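Colleague: Pasting in a structure now, in structure tokens, and then I'll have a few things to ask.
The values are calculated or read from the model by the stated rules, or taken from the named source; none is laboratory data. Nothing here was measured: the structure is a model prediction, and the numbers come from that model. Here the Cβ positions follow ideal geometry from the backbone for every residue, glycine too, while neighbour counts run over all protein chains shown.
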Amino acid sequence: MTKLQLPPCITHVQNPMVVATLPFAYPVASSMTSLKTIDVSKMPTQNWTIFAGHSGLSSPPTKPMHISLRASDAKVLRSTTSLDVQLFDNAAEIKMAFSQIVMHLTPEWRTVIFKQIDILLDLNSWEEDSAFIQKSTFTTFLRFIIFAKSTRLPSLGVDITGHLLAAWNNDNQRIIVEFFTEDKAAATFVKLGALSGERETLAWRGHINDLKHFIEQNGMMGCLQGSPT
Amino acid sequence: MSKVHKQPRRKDLPTEDHVARYCSPQRVIRDPNTNVIIGVFPQAFKLRPKIKETYLSSHWMEFFSTDIDSQFQAVAAALGKKLSIEPKAAIARLNVGYVVQAGEKKTHSIRIRDQSTQNNPGYSGVYGMPLDNSDSIFLDLLATECCIEIRGVSEMRGES
């Protein structure tokens, strides 16, 4: 039996709950101590990103460790990785990032966000203009929904650059945000004018902490914190 | 010496007519719970700097028919000859006059011209957009005020 000995610095594979939702049935040991030895003989060839130790949003991992479960195949895989494997890897890393904050959200979030990620990274819908989701922009999105205490589920999209897009709708109000790296974002807002009742369009760009403040100032928190949809 | 044009300049489309814009599945806004299409992201109207796009590709809907259903079908057929259109994608119908007005609001001189060829009937281009996609409000106006209707490709094919 082929066994992989993980380096001592790796204490566990992050969030077994996420692993359980992955398309392939990976044998994952149930107890934390036995995870130091994983049977890889039945695993499909796959590149994995395994993080060392716990890391919350406030202290993201400095650098993920890339470990190939079949080291001998690593070079071949990296040069000829097929699109379906790349999409799988991208979806996996995004879902793992989401799993780090999922405890702050209602259970519907996990179901709906995972479903949307699967749709956005669907091999059967992949086009020339499609883009992988940049994990750093997804992390910015996560920081924003926690900071803004969003309870309303967003509709997700991906820009041609790989930036994560999110849209929130609430009657006559709509917020669309394009998330960048390093907690930056650009947003457009549609709302009705307070006096005229006419539709206004606003644009904003900056740090996500200021984005929440801007939304509050313009009386649009209902888009983010309405009753969960 | 005056510049010699190889082709005569094409006509601008009438303001009461409409153009269709193909929107990739990743730029379609769906209700997070029901998955029903509720809009398109403004990013669906960005020019692609990677291929140095200078105008926004679209199709002149009235070129094909006067009936709206037939127009959508004809646009899908025309697009299908050029690219693989995905069931989760959508086609947005924009009013030409609204697009021109949205440009005026943002001081862009927008023109929508017929670019039909034998191989690409009904093809049209939206000219005058900022090449660096820097005007996010204009892109937003295209996605909201100018969009009259959005239909999913699978819905048009009767798959949903």
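Colleague: Checking the condition under 15 Å from the mean Cα position of the chain (by Cα) and at pLDDT below 95, which residue from B:ASN120, B:ASN133 passes?
Modeller: Details: B:ASN133 fails: under 15 Å from the mean Cα position of the chain (by Cα).
Of B:ASN120, B:ASN133, the one residue that is under 15 Å from the mean Cα position of the chain (by Cα) and at pLDDT below 95 is B:ASN120.
Colleague: Separate question: Kindly indicate which of B:GLY97, B:GLY158, B:GLY80, B:GLY103 is free of Cβ contacts under 8 Å to residues at least 24 places away in the same chain and in a helix (DSSP H, G or I). Show your work before the answer.
Modeller: Working: B:GLY97 fails: free of Cβ contacts under 8 Å to residues at least 24 places away in the same chain; B:GLY158 fails: in a helix (DSSP H, G or I); B:GLY103 fails: free of Cβ contacts under 8 Å to residues at least 24 places away in the same chain.
Only one candidate qualifies: B:GLY80.
Colleague: Quick check on my filter: what residues within region B:136-159 are surrounded by fewer than 18 Cβ atoms within 10 Å (Cβ to Cβ) and either within 14 Å of another protein chain (Cβ to nearest Cβ) or closer than 21 Å to B:TRP60 by Cα (or both)?
Modeller: Looking only at region B:136-159, we keep the residues that are surrounded by fewer than 18 Cβ atoms within 10 Å (Cβ to Cβ), and these are B:137, B:148-149, B:154-155, B:157-159.
Matches in region B:136-159: B:ILE137, B:ILE148, B:GLU149, B:SER154, B:GLU155, B:ARG157, B:GLU159.
Colleague: Answer yes or no: is there a residue in region A:126-140 that is under 14 Å from the mean Cα position of the chain (by Cα), crowded, with 21+ Cβ neighbours inside 10 Å and within 22 Å of B:ILE37 (Cα to Cα).
Modeller: Yes: region A:126-140 contains one or more residues that are under 14 Å from the mean Cα position of the chain (by Cα), crowded, with 21+ Cβ neighbours inside 10 Å and within 22 Å of B:ILE37 (Cα to Cα).
Colleague: Here's something else I'd like to know. In region B:33-74, what residues are farther than 24 Å from A:ALA203 by Cβ and part of a loop (DSSP other than H, G, I, E, B)?
Modeller: Matches in region B:33-74: B:ASN33, B:THR34, B:ASN35, B:VAL36, B:LYS52, B:PHE64, B:SER65, B:THR66, B:ASP67.
Colleague: Which of (1) closer than 16 Å to B:CYS147 by Cα; (2) in contact with a helix residue (DSSP H, G or I) (Cβ under 6 Å, 6 or more places away or on another chain) is the odd one out, the single condition B:PRO87 does not satisfy?
Modeller: Only one criterion is unmet by B:PRO87, namely (1).
Colleague: Answer yes or no: is there a residue in region A:173-183 that is farther than 23 Å from B:ASN33 by Cα, buried (at least 17 other Cβ atoms within 10 Å of the Cβ) and within 14 Å of another protein chain (Cβ to nearest Cβ).
Modeller: Let us first name the residues in region A:173-183 that are farther than 23 Å from B:ASN33 by Cα, namely A:180-183.
Checking which are buried (at least 17 other Cβ atoms within 10 Å of the Cβ) leaves us with A:180, A:183.
This time we only want the ones that are within 14 Å of another protein chain (Cβ to nearest Cβ), so: A:180.
Within region A:173-183 (the criterion being farther than 23 Å from B:ASN33 by Cα, buried (at least 17 other Cβ atoms within 10 Å of the Cβ) and within 14 Å of another protein chain (Cβ to nearest Cβ)), the answer is yes, since at least one residue qualifies.
Colleague: When you scan region A:159-172, how many residues do you find that are surrounded by fewer than 19 Cβ atoms within 10 Å (Cβ to Cβ), out of contact with any helix residue (DSSP H, G or I) (no Cβ under 7 Å at 6 or more places or on another chain) and more than 22 Å from B:LYS50 (Cα to Cα)?
Modeller: Residues in region A:159-172 being surrounded by fewer than 19 Cβ atoms within 10 Å (Cβ to Cβ), out of contact with any helix residue (DSSP H, G or I) (no Cβ under 7 Å at 6 or more places or on another chain) and more than 22 Å from B:LYS50 (Cα to Cα): 2 in total.
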